[in-house]
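One structure below.
None of the figures in this text is laboratory data; all of them are computed from the coordinates on show. Please read all numbers here as calculations on a predicted model, not as lab measurements. Neighbour counts run over all protein chains shown; Cβ positions are idealised from the backbone, glycine included.
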Amino acid sequence: MTSKLLKNFNLLIGLFIVGGLLLIMIISFFYTPHDVTAMNIAQKLLAPNGTNWFGTDEFGRDIFSRIMKGTQTAFLVGVITVFIGVVFGVLIGGIAGYFGGWTDEILSRFLDALMAFPGIILALMLVAIFGPGIVNTSIALGVIAIPGIARIVRSGFVQQREAEYVLAAKLIGANAPRIMFRHIFPNISSQIIVAATITFATAMLAEAALSYLGLGVQPPDPSWGRMLKDSQSYLTSAPWYVYAPGIAITIMVLGLYMLSNAVRDLLDPRSKQ
Amino acid sequence: MLYLLRRFVLLIVTVIFVSFITFGVFQILPGDPVLTMLGTEADPAQIENLRSELGLDLPLYVQYFDWITGLFTGDLGNSIRFSMPVMDLMLDRLPVTLSLAAITLFIVCAVSLPLGMFAARRQNKLSDLTLSTATQIGMAIPSFWLGMMLIIYVAMNVDFFRISGYIPWSTSVTGAFSTLLLPAITIAIPQIAINFRYVRTAILEQIRLDYVRTIRSKGIVERIVMYKHVLKNALIPILTVFGLISAEVMAGTIIVEQVFSIPGVGQLLVTAINNRDFPLVQGIVMYITIAVVSINFIIDILYSIIDPRIRIR
């Protein structure tokens, strides 16, 4: 009883948070209370007030407007990351799981190695090579996401490849790509969706961390992690500067976690107990 | 024995693949590192000199072989930024990061084990639900922001803690604690949240089993039931998470060292990346990854000690 309640609670709150942030993102394309890039040194580091709800930053820019605009960066990074992770994860995991044997052995060892790197360290290494920025950060985070998704896809394919419908498809002469993507893939798509939502949430956190280190999203693109980096110099003089970006990240990641829990409960019957 | 041997071979293979990736990824680098170091208008003879000095004129497989042997002999070349051996720079910073990681792991275990057991015993009661919600929030909070909050609310108000910097153990033990404790708590909180959930699930799975009912019916004190019997059986899944967590803690130190200006390996890595000091980046990444892989290997060995059934599989 309680767990059912908790599941709906996760779904409702998760949808509410993520939906709300999506709405804010759409609004931010057309309208923010103040100009996001206009600097006004006379107005710098103002405490929250009637016109600047969350105060202003060291260049006199409105923090509330920049938080709104930051949703665009967050969602963009999340979408690219999940896209890369899912496309390559499904390809690599699918090939390894379907063909088995040596193909599987080599691909699996490669995935093991990718997984052996602590995520953020692999991302840092890739960013060191390709340079920072929204796209490069997303690619780096996408690469990190590949092994996790590939493993799930691989074990799905291993489970399914001996099934009778696969044998039937083989007998009517379907080729490997057709069997893999038209027949097996739909059967494991729910697991992939669950993995993708979790990837989305972890990508948000990782983007914030990279941007905080100054190696992720670069100015003038507004990023919550980057705002936290800039705010650190003003911890004593303007503590409110630190609150908004951190709370924004927490709320977004929390919403995505709750949503991914709810999605898992809905799509994956095994997790129900 | 066969089990351990197989695990060990797997460890070596993983490390080899990791070294391929770490080495290979720097080969697709756009631009010539020598030109970056000397500038585009450098004298061609000078360029040639530096290139042979760095071994960049050798074939790729020779470069890789030199690098991988250097990994074992401790000679990873010189840092471009600091003009010092990569190894010396790392050894210099290692004690700081290791003590930070050790304190963090201690906090994670000391808090998440009792908390998880407590929540499991009060399944679906208010205290359990509160803890579960709290840990969900704990997982979502970015650690560096948490660190800044601790600086504002704790370090600035409590005299004992330092806001930033590091005091070595050799100078003062309490000094070292005053600089490392808050960063350790910062890294620990999200990990406690994750570990708590695994401990809770693992204990819940055990509590339902018949043997627990049997020992309870023998009249054994609940504390002994929980710590001696249930925890011991739940240890395998918990250990697995522990391996994941030690990787996360290593990653966490990189970010949190930045928040508290602690001169550890993480800070060195960020400096190296900002200066495009690739030999240093390569070295740090490789060693951290080897450390993480080795911890997981050790955990695998521990499994087979705790649970003899695994050895047979």
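Counting, for every residue in B:244-257, the Cβ atoms of other protein chains within 10 Å of its Cβ and taking the mean gives 3.
The Rg/Rh ratio for segment A:166-272 is 1.26, where Rg is the radius of gyration of the alpha carbons and Rh is the Kirkwood radius. Peptide B:144-151 is shielded by partner chain Cβ atoms: per residue, an average of 6 of them sit within 10 Å of its Cβ.
Simple point charges give the picture: +1 on the Cβ of Lys and Arg, -1 on the Cβ of Asp and Glu, and for chain A a dipole about the Cα centre of about 540 debye. Neighbouring Cβ atoms from other chains, within 10 Å of the Cβ of residues in B:280-293, number 3 on average. Principal-axis analysis of the Cα atoms of chain A puts helix A:101-116 at an angle of about 20° to the longest axis.
Computed from Cα atoms, the angle from the helix A:119-130 axis to the main principal axis of chain A rounds to 70 degrees. On the basis of the beta-carbon distance and an R0 of 45 Å, A:I13 and B:R7 show a calculated FRET efficiency of 0.60. Put a dot 7 Å past the Cα of B:S172, heading toward its Cβ, do the same for B:R208, and the two dots end up 5.4 nm apart. Look at the Cα gyration tensor of chain B: its axes a ≥ b ≥ c give a/c of at least 1.5 with a/b at or below b/c, and that counts as oblate. One chain, two ends: B:R122 and B:N275. Fully extended at 0.36 nm per residue, the span grows by 49.8 nm beyond their Cα-Cα distance. By its C-alpha gyration tensor, with a ≥ b ≥ c as the square roots of the eigenvalues, how is the protein assembly as shown shaped: rounded for a/c under 1.5, else prolate for a/b larger than b/c, else oblate? Here the protein assembly as shown falls in the rounded category.
The value obtained for segment B:91-274, namely the Cα convex hull volume divided by the number of residues, is 138 Å³ per residue. The convex hull built on the alpha-carbon positions of segment A:73-216 has an orientation-averaged projected area of 8.5 nm². Of interest is the spacing of the C-alpha centroids, which for segment A:147-226 and segment B:151-218 amounts to 33 Å.
Summarising the overall dimensions of chain A from its C-alpha atoms, the Rg and Dmax are 21.8, 76 angstrom. Multiplying the residue separation of A:M39 and A:A168 by 0.36 nm and subtracting their alpha-carbon distance yields 39.8 nm.
Stretching the chain fully between B:T69 and B:K232 yields a gain of 54.5 nm (0.36 nm per residue, less the alpha carbon separation).
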